[in-house]
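S.K.: Input: one structure, supplied below.
The values are calculated or read from the model by the stated rules, or taken from the named source; none is laboratory data. This is a predicted model, so every value here is computed, not measured. Note: ideal-geometry Cβ built from the backbone for every residue, glycine included; neighbour counts use all protein chains shown.
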Amino acid sequence: MKVGIDMGTTSEGTSASLDIEELLATRLLVQGNSGSGKSHLLRRLLEQSAPWVQQCIIDPEGDFVTLADKFGHVVIEGERTDAELVGIATRIRQHRVSCVLSLEGLDIEQQMRSAGVFLNAMFDADREYWYPVLVVVDEAQMFAPSVGGDVSEEARKISLGAMTNLMCRGRKRGLAGVIATQRLAKLAKNVAAEASNFLMGRTFLDIDMLRAADLLGMDRRTAEMFRDLKRGSFVALGPALSRRPLKVTIGAVETSARSTSPKLMPLPEAPQDVEDLILTPDPDELSRPIIRRPAPPPRPANDILAELSRPRPEPAAAVEVKPAQPEMLPEEREAIVDGLLAEILASPEAAFRPDAELFQDFLVRCRIRRVPGAALSLSAFRRKMAIARSGVDAETAASETWASALQLADRVTEDLQGVFLMIAQAAARGLPCPSDAMIARAYGTHSARRARRLLGYFEEQGLIVVHADFSGKRIVAFPDLGRETAPGDANGPDIGNAERAAAE
Ligand SMILES: Nc1ncnc2c1ncn2[C@@H]1O[C@H](COP(=O)(O)OP(=O)(O)OP(=O)(O)O)[C@@H](O)[C@H]1O
Ligand SMILES: [Mg+2]
């Protein structure tokens, strides 16, 4: 069924139609600075398409709850246990009811967690409930940030994982992502890259404009036009919208946003006794309980351990003269750190323990070995672990191919870098393609199905090409490196690199 909904008017004076069925297959990214009219646009899209398709809105500001009255969306407050959220999301898919997940009032970490758990549960619905749903995420950069922020690694992983599932793997399960962001440069690249339809609004910052131009395949000069767009005007491009960039002015909406732009209002006449008015306490005031901001959450153990492992300043006048510790050369320090990483990885359970836990283990070991200087950050640690896990040998590690492989690895999220590099090193060295079991272990799972999904994902990203030789053995080619693995048995055992190199 072909349903075109009316988004407003084009610069040519015609009606701007959005093909809903095509949108379900090809997703939409909306970007524009604050106040450019993204939320208004999403509201227009939701209102117009409400009769045609089930909708789920991830709403950080609680702006869209007003859809409930007119269109019957169920409002779900985000402050719930994971089990409750999973239960609700599952029933939302079973009963095909439109909903708004309102995350208003939660702190950012809770917002990420709740959205992540909810979206993942929608994604994991049983196959019989894979009906189409428009999943609209406003302020998507919050849920799929391009770099780690102050939130815990766990929350970031859940939320980013859910957004990646939605945008990269949701289509077959009926989930169609529609995401809006103020700052394209702050949105994880792999999430943005999966949308084929774009509505680009007013954009000031060069870095966002360049990302937008990149996504739309425009040159920079043409992208300059995003600077001059008025509020409510967007450049549309994509199979569900228009085959060439087309300026669209978004039409009116029927429901109102709870928050609107501040309007200037004249100040009231100042009363004579203004000082009295402000400084005289109201009689109730003194009996009212004082509300204080909640205490900041306890600092994560990582921070405390990192601080502990930092060298303390020498006391100014040491009473007891200890023998000075011999200075450690940077190479020496590096070698010890690498040795510690290898020790951690040598434990058979290491692959299945979360990185944050391994990081704590690492910090403690650094302290025991009295490694001077600041300990690695968690993200530097991750990177080193990814390289160590890949099993690359010293010779390959020094090669140019490896330097390019490391650059390519930056195009996937941190949690996928280890697996990616593990396959890349096999290609760089001409070793057989790792088996599903080996890929699964590098990703910290026992599931071979997941391993195959990962390969599919890398392939979708244009990083690899998977093919087979005449006997059906798997080969993974890296077009950017000009290398490919030797043929390997996908169902082969999980053996280490050293054994494989020896078997060659
Ligand atoms: N096409 C439009 N027609 C009429 N009013 C509009 C239009 N687009 C936006 N507005 C109004 O402009 C104001 C800002 O729009 P909106 O809240 O959608 O911006 P936004 O891009 O979502 O900003 P933020 O990133 O800060 O959330 C709102 O009051 C909205 O009603
Ligand atoms: Mg908004």
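S.K.: Looking only at the stretch 382-394, filter to residues that are over 19 Å from Leu431 (Cα atoms) and touching a residue at least 40 places away in the same chain (Cβ under 8 Å); which one of those is surrounded by the fewest Cβ atoms within 10 Å (Cβ to Cβ)? Reasoning before the result, please.
M.R.: Initial filter on the stretch 382-394 (over 19 Å from Leu431 (Cα atoms)): 382-385.
Still in the list and also touching a residue at least 40 places away in the same chain (Cβ under 8 Å): 384-385.
Working: Lys384: 15, Met385: 22.
If we take residues in the stretch 382-394 being over 19 Å from Leu431 (Cα atoms) and touching a residue at least 40 places away in the same chain (Cβ under 8 Å), then Lys384 is surrounded by the fewest Cβ atoms within 10 Å (Cβ to Cβ).
S.K.: Out of the stretch 22-56, which residues are more than 16 Å from ligand 1 (Cβ to nearest atom) and either surrounded by fewer than 16 Cβ atoms within 10 Å (Cβ to Cβ) or aromatic (Phe, Trp, Tyr) (or both)?
M.R.: Ala25, Pro51, Trp52
S.K.: Further, regarding this structure: Would you check if Asp82 is modelled with pLDDT under 95, under 24 Å from the mean Cα position of the chain (by Cα) and within 15 Å of ligand 1 (Cβ to nearest atom)?
M.R.: no
S.K.: Here's something else I'd like to know. Can you name every residue in the stretch 123-163 that is assigned to a helix (DSSP H, G or I) and of a type in the set (Gly, Ala, Ser)?
M.R.: Ala140, Ala155, Ser159, Gly161, Ala162
S.K.: Can you tell me which residue among Glu128, Glu79, Glu104, Glu109 is within 16 Å of ligand 2 (Cβ to nearest atom) and assigned by TED's automatic domain parsing to the domain that holds Met163?
M.R.: When all the criteria are applied, what remains is Glu104.
S.K.: Those residues that are farther than 21 Å from Val100 by Cβ and charged (D, E, K, R), I need them from the stretch 122-174; list them, please.
M.R.: Asp126, Arg127, Glu128, Asp150, Glu153, Glu154, Arg156, Lys157, Arg169, Arg171, Lys172
S.K.: Now a separate question. Of the residues that sit in the stretch 1-48 and are over 18 Å from Phe226 (Cβ atoms) and part of a loop (DSSP other than H, G, I, E, B), which one is modelled with the lowest pLDDT?
M.R.: Met1
S.K.: Got a sec? Which of Leu119, Leu106 is modelled with pLDDT of 90 or more and part of a loop (DSSP other than H, G, I, E, B)?
M.R.: Only one candidate qualifies: Leu106.
S.K.: Go through Val86, Val100, Val75 for me and flag whichever is of a type in the set (A, V, I, L, M, F, W, C) and part of a helix (DSSP H, G or I).
M.R.: None of the others qualify; the one that does is Val86.
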